[in-house]
Amino acid sequence: NFGLRYEGNTVIKEDHNLLGNFDPSQGLIQAGVHGVNGPYNPDRKDFAPRLGFAWDIGGNGRTVLRAGFGMMYETLNWESFLALNNSLGLATVPTGAPIDSNNDTSGGNIATALQFFPGGQLHWNGPGSVFGINPVNCDPSTGAPCTVMGVDRNLKTPYVSTWALNIEHSFTPNLVLEVGYVGNHGSRLAGIRDINQPTTGAGWTPAQIAACIAGPSGCAGGTDPGAEQAARPFNTKFPYLAQIFQMGNIYRSNYDALQATLTSRNYHGLSMVAGYTYGHALDQVGANWDFGAGSGLPTDSTHTNREYASSDFDIRHRLTLSLTYLIPGKDGYGQLLKGWQLNSIVTLSGAQPFGVMDASTDVSGTGELISDRWDFFGNPKDFKSTPVGIPFFPGSGDPANPSNAACGAKALALDGGTVGNTSYALAAFGCYANGKSILIPPALGTFGTMGRNIFRDTGFRNVDFSLAKNFKAGDHFAAQFRVEFFNIFNHPNFANPFGGQNGWAHNDPSSGSFACSCATPDVAASNPIIGSGGSRAIQLGLKLTF
């Protein structure tokens with residue numbers, strides 16, 4: 001089979017052109033005016049080929065080889081253009097924001113459309129103001145500069161290339177084995193970065209570092225926001241803007257897997273599907289809904305490729321088994337000796353990754369407060385998540401007398417034998433130690449050296465089981481009574497420290513609680529459904545059919 005699909009995705013539009021954008025060469029722009037047709041340019045080259053084949057090797061229908069390839073384009077959810085942290089987006093760029101008819105400049109920010117720039121301060125690549133006469137106050141001399149989010153004007157449609165090769169053999173008409181290789185590659189994936197990120201260490205001025213040296217509470221005063229703002233690449237041109245988040249085609253992904261499936265269809269009363277997957281998923285961000293949750297934004301916006309690592313959803317080994325066994329029976333004793341069946345679902349999954357997301361110390365001195373990482377030394381297996389987390393040793397306030405000797409020795413070695421920026425950071429923010437491994441903050445004004453998602457949780461194991469008795473009364477009436485056990489062995493499952501889709505905030509070392517699997521998966525993901533990771537549950541059921 002061969003095929004070719006073409007997709008034409010139009011540019012997001014608002015009826016009254018109340019969508020803006022940020023163009024680094026021009027500043028804040030508005031769709032529909034001054035020659036700007038839309039927030040970004042259309043992509044009209046989205047051709048998606050398909051091909052595949054199936055080969056009956058022996059000509060008898062028992063062994064079949066299949067292969068296929070296809071490209072699929074992603075339709076970006078319009079909300080991804082509008083809702084970074086559920087606030088910033090193209091609809092809140094001042095050109096598209098509602099204008100306060102009373103010229104109220106008393107407070108607010110770009111995201112809530114309550115602040116106004118001075119009418120003559122901002123221009124769209126020429127004379128005249130895009131904003132009319134009403135001002136928006138983002139003047140750093142009277143308040144904090146504002147944050148905006150824009151889209152790369154040359155945004156392309158992301159796409160995924162998928163391929164597969166598998167062989168299927170039928171041992172009997174009711175017993176089939178399939179083994180295959182499956183892979184895919186995500187290209188031009190959408191991601192958000194701060195194109196106005198300050199140079200590393202800008203906030204740790206000599207005065208701030210001197211304060212760290214001076215006393216026990218030294219680094220607690222934090223970084224210098226003014227110095228960080230001055231170091232932003234666009235500060236001279238756009239001094240009224242702080243973070244300039246921009247969505248663009250900055251990410252990629254890869255997945256490769258060996259997949260095996262054994263299917264039994266009523267084989268001596270046994271119906272079963274057993275599946276095993278050995279795979280590896282890599283990417284730079286776990287999902288495009290996650291831009292505002294910390295892990296969706298890169299640590300270093302100038303080097304987004306450094307985020308490429310095992311995906312949040314990477315599971316190396318996964319075994320699933322679902323079966324139904326009809327127990328042989330015989331007539332007599334009022335149907336008590338027949339109609340019995342056993343059912344079970346077994347799920348065994350390997351550990352999923354989690355990483356570091358320091359959201360408060362600003363140890364890098366960039367003022368981003370998004371996802372600074374620390375320095376890790378040792379074996380990542382020593383930092384496998386636990387119900388209580390990894391032991392924390394708080395900052396002593398004294399660089400010469402750390403609270404943990406191993407952390408202190410490593411910091412001193414990194415400083416070159418003399419107390420320096422790493423020892424100051426350790427004294428302020430503390431460290432984690434377990435076994436022969438340590439996690440310490442990097443030197444003031446630097447990014448940590450550890451990679452993304454280097455740690456793992458404890459995996460997932462669950463066995464559900466049920467016993468059912470079927471009754472028949474003539475040809476038109478039947479009943480089934482069931483006893484069902486979810487997590488029958490009451491095996492404790494603990495959530496990933498990141499906590500699933502909604503986050504669980506135990507991957508932030510600055511909080512003093514790190515790598516804690518402090519809840520079951522169902523609670524951590526706000527999904528309290530039977531069979532989703534909680535403790536054992538038993539239920540009874542009666543079904544009547546007629």
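The values are calculated or read from the model by the stated rules, or taken from the named source; none is laboratory data. Note that this is a predicted model, so its numbers are computed, not measured. Positions of Cβ are generated from backbone atoms using ideal geometry, with glycine treated the same way; all protein chains shown enter the neighbour counts. Note: areas computed on protein heavy atoms with side chains; ligands, DNA, RNA excluded. Shrake-Rupley method; radii C 1.70, N 1.55, O 1.52, S 1.80 Å.
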Mind checking which residues of the range 228-244 are buried (at least 19 other Cβ atoms within 10 Å of the Cβ) and in contact with a helix residue (DSSP H, G or I) (Cβ under 8 Å, 6 or more places away or on another chain)? ALA242
For the range 1-33, enumerate the residues that are surrounded by 19 or more Cβ atoms within 10 Å (Cβ to Cβ), in a strand (DSSP E or B) and among the aliphatic types (A, V, I, L, M). LEU28, ILE29
Filtering the range 387-405 down to residues that are more than 33 Å from the chain's Cα centre (by Cα) and surrounded by fewer than 20 Cβ atoms within 10 Å (Cβ to Cβ) yields SER396, GLY397, ASP398, ALA400, ASN401, SER403, ALA405
Within the range 288-302, restricting attention to residues that are open to solvent by 30 Å² or more (accessible area, probe 1.4 Å) and either at pLDDT 95 or above or within 21 Å of PRO497 (Cβ to Cβ) (or both), which residue is nearest to the chain's Cα centre (by Cα)? SER295
Could you tell me how many of the residues in the range 324-336 are modelled with pLDDT of 95 or more and not in a strand (DSSP E or B)? 0
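Residue by residue, here is whether (1) under 28 Å from PRO521 (Cα atoms); (2) at pLDDT below 95; (3) within 21 Å of the chain's Cα centre (by Cα) holds:
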{"site": "LYS338", "(1), (2), (3)": "no, yes, no"}
{"site": "GLY355", "(1), (2), (3)": "yes, yes, yes"}
{"site": "ASP358", "(1), (2), (3)": "yes, yes, yes"}
{"site": "THR361", "(1), (2), (3)": "no, yes, no"}
{"site": "GLY367", "(1), (2), (3)": "no, yes, no"}
{"site": "PRO380", "(1), (2), (3)": "yes, no, yes"}
{"site": "SER385", "(1), (2), (3)": "yes, yes, yes"}
Consider the range 74-85. How many of its residues are of a type outside the set (Asp, Glu), open to solvent by 30 Å² or more (accessible area, probe 1.4 Å) and not in a loop (DSSP other than H, G, I, E, B)? 1
Being crowded, with 20+ Cβ neighbours inside 10 Å, touching a residue at least 12 places away in the same chain (Cβ under 8 Å) and aromatic (Phe, Trp, Tyr), is that true of even one residue in the range 512-521? yes
Can you tell me how many residues in the range 1-33 are among the charged types (D, E, K, R) and modelled with pLDDT under 90? 3
Identify the single condition in (1) of a type outside the set (A, V, I, L, M); (2) under 28 Å from TRP163 (Cα atoms); (3) touching a Pro at 6+ places or on another chain (Cβ under 8 Å) that ASP43 does not satisfy, given that it satisfies every other one. (3)
Against the conditions (1) part of a loop (DSSP other than H, G, I, E, B); (2) within 30 Å of the chain's Cα centre (by Cα), where does GLN229 fall short? Just the number, please. (1)
Per-region count, the range 309-348, residues open to solvent by 60 Å² or more (accessible area, probe 1.4 Å) and touching a strand residue (DSSP E or B) at 6+ places or on another chain (Cβ under 7 Å): 11
Listed by first then second residue, the pairs whose first member lies in the range 47-67 and is farther than 12 Å from GLU168 by Cα, whose partner is at pLDDT below 95, with beta carbons under 8 Å and at least 6 positions apart or on separate chains, are ALA48/GLU7
Applying the selection to the range 245-277, what residues are open to solvent by 60 Å² or more (accessible area, probe 1.4 Å), part of a strand (DSSP E or B) and free of Cβ contacts under 8 Å to residues at least 60 places away in the same chain? VAL273, TYR276
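So that you can scan it fast, the table gives a plain yes or no per residue for (1) outside any strand (DSSP E or B); (2) open to solvent by 30 Å² or more (accessible area, probe 1.4 Å); (3) in contact with a His (Cβ under 7 Å, 6 or more places away or on another chain):
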{"position": "THR157", "(1), (2), (3)": "yes, no, no"}
{"position": "HIS169", "(1), (2), (3)": "no, yes, no"}
{"position": "ASN184", "(1), (2), (3)": "no, yes, no"}
{"position": "ILE192", "(1), (2), (3)": "no, no, no"}
{"position": "ALA211", "(1), (2), (3)": "yes, yes, no"}
Are any residues in the range 406-423 within 20 Å of LYS436 (Cα to Cα) and either open to solvent by 50 Å² or more (accessible area, probe 1.4 Å) or in a loop (DSSP other than H, G, I, E, B) (or both), and if so, which ones? ALA406, ALA409, LYS410, LEU412, ALA413, LEU414
Collect the residues in the range 462-489 that are within 30 Å of ASP314 (Cα to Cα) and surrounded by fewer than 16 Cβ atoms within 10 Å (Cβ to Cβ), keeping them in residue-number order. PHE489
Under the condition of being modelled with pLDDT under 95 and small (Gly, Ala, Ser), which residue from the range 34-48 is surrounded by the most Cβ atoms within 10 Å (Cβ to Cβ)? GLY38
Selected residue [loosely packed, with under 13 Cβ neighbours inside 10 Å and modelled with pLDDT of 85 or more] from GLY59, GLY68, GLY52: GLY59
Test set (1) of a type outside the set (D, E, K, R); (2) open to solvent by 30 Å² or more (accessible area, probe 1.4 Å); (3) over 19 Å from ASN462 (Cα atoms) - ILE370 fails condition number: (2)
Residue check: is SER511 modelled with pLDDT under 90 and more than 19 Å from ASP464 (Cα to Cα)? yes
